[in-house]
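Some notes on the structure that comes next.
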Amino acid sequence: NAQKNGIIVHWATNAEEHNVIVHSILEKHNIKQMVKSKSMLTEECHLNSYLTDRGIDVIDSDLGERIVQLRNEPPSHIVLPAIHLKKEDVSETFHEHLGTEKGNIDPQYLTESARQHLRDVFLTRKAALTGVNFAVAETGEFVVCTNEGNADMGAHLADVHIACMG
């Protein structure tokens, strides 16, 4: 039913096949930069490093995921990937990578800085990848839920939307 709705469906039997398929979609569209919302499937498949090794710039848009990505760390929790960090850690990371004011630990300031940084990403990336929270076989539809709106921004602004579902 998804195919009847115009969705191109790919099937992967393992992580390597999944990553090859995602990369081939990006290659087909000549895309070298991608924005990605939280997806535990792609985390389990190590998609970011796979794509990066092949010259694709992947920007995680979930705030916690972006923080640990800038720090070159894996997420520490399935729902709260940066729960192990203090606001001082985030402040230092943002100062180093986003040019924020050194020592400013105000959460509102740090969050706004991340929003401004990601705004350009959403507007310039031609591909967005999201997870899938659930799918409905009868209608061929899928649902992506987010509390930050980042999946919506990526999926609706990008020319190519890749939805990965386990």
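The values are calculated or read from the model by the stated rules, or taken from the named source; none is laboratory data. Computed from a predicted structure; not experimentally measured. Note: ideal-geometry Cβ built from the backbone for every residue, glycine included; neighbour counts use all protein chains shown. Heads up: the accessible areas ignore ligands, DNA and RNA and are worked out on the full protein's heavy atoms, side chains in. Shrake-Rupley method; radii C 1.70, N 1.55, O 1.52, S 1.80 Å.
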- request: Consider only pairs whose beta carbons are under 7 Å apart and that are at least six residues apart or on different chains; among these, list those whose first residue lies in segment 135-146 and is on the phi > 0 side of the Ramachandran plot and whose second residue is surrounded by 15 or more Cβ atoms within 10 Å (Cβ to Cβ).
  value: G140/A2
- prompt: Counting only residues that are among the small types (G, A, S) and more than 25 Å from A158 (Cα to Cα), which one in segment 36-88 is most open to solvent (accessible area, probe 1.4 Å)?
  reply: S76
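So that you can scan it fast, the table gives a plain yes or no per residue for (1) under 27 Å from Q33 (Cβ atoms); (2) acidic (D, E); (3) surrounded by fewer than 13 Cβ atoms within 10 Å (Cβ to Cβ):
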position	(1), (2), (3)
V90	yes, no, no
I105	no, no, no
Q108	no, no, yes
V121	yes, no, no
query: When you look at E101, is it acidic (D, E), crowded, with 17+ Cβ neighbours inside 10 Å and more than 18 Å from M165 (Cα to Cα), yes or no?
result: no
query: Residues in segment 8-59 that are part of a helix (DSSP H, G or I), within 25 Å of P75 (Cβ to Cβ) and more than 12 Å from the chain's Cα centre (by Cα): how many?
result: 16
In segment 92-120, the residues that are in a helix (DSSP H, G or I) and in contact with a His (Cβ under 6 Å, 6 or more places away or on another chain): L98
message: I'd like to verify a number: residues in segment 123-141 that are within 22 Å of I7 (Cβ to Cβ) and open to solvent by 70 Å² or more (accessible area, probe 1.4 Å), how many?
response: 6
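Yes or no, residue by residue, for (1) touching a helix residue (DSSP H, G or I) at 6+ places or on another chain (Cβ under 8 Å); (2) at pLDDT 95 or above:
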| residue | (1), (2) |
| --- | --- |
| T13 | no, yes |
| E17 | no, yes |
| V20 | no, yes |
| S24 | no, yes |
| K36 | yes, yes |
| H77 | no, no |
| K87 | yes, yes |
| Q108 | no, yes |
| E112 | no, yes |
statement: Only one of N1, N5 is assigned to a loop (DSSP other than H, G, I, E, B) and either in contact with a Ser or Thr (Cβ under 7 Å, 6 or more places away or on another chain) or at positive phi (or both), namely N1
query: Among the numbered criteria (1) closer than 23 Å to E43 by Cα; (2) touching a helix residue (DSSP H, G or I) at 6+ places or on another chain (Cβ under 8 Å); (3) of a type in the set (A, V, I, L, M); (4) not in a loop (DSSP other than H, G, I, E, B), which single criterion is violated by L123?
result: (1)
Segment 98-117 residues that are under 16 Å from A82 (Cβ atoms), paired with ones that are part of a loop (DSSP other than H, G, I, E, B) (beta carbon under 6 Å, 6 or more apart): S113/T100
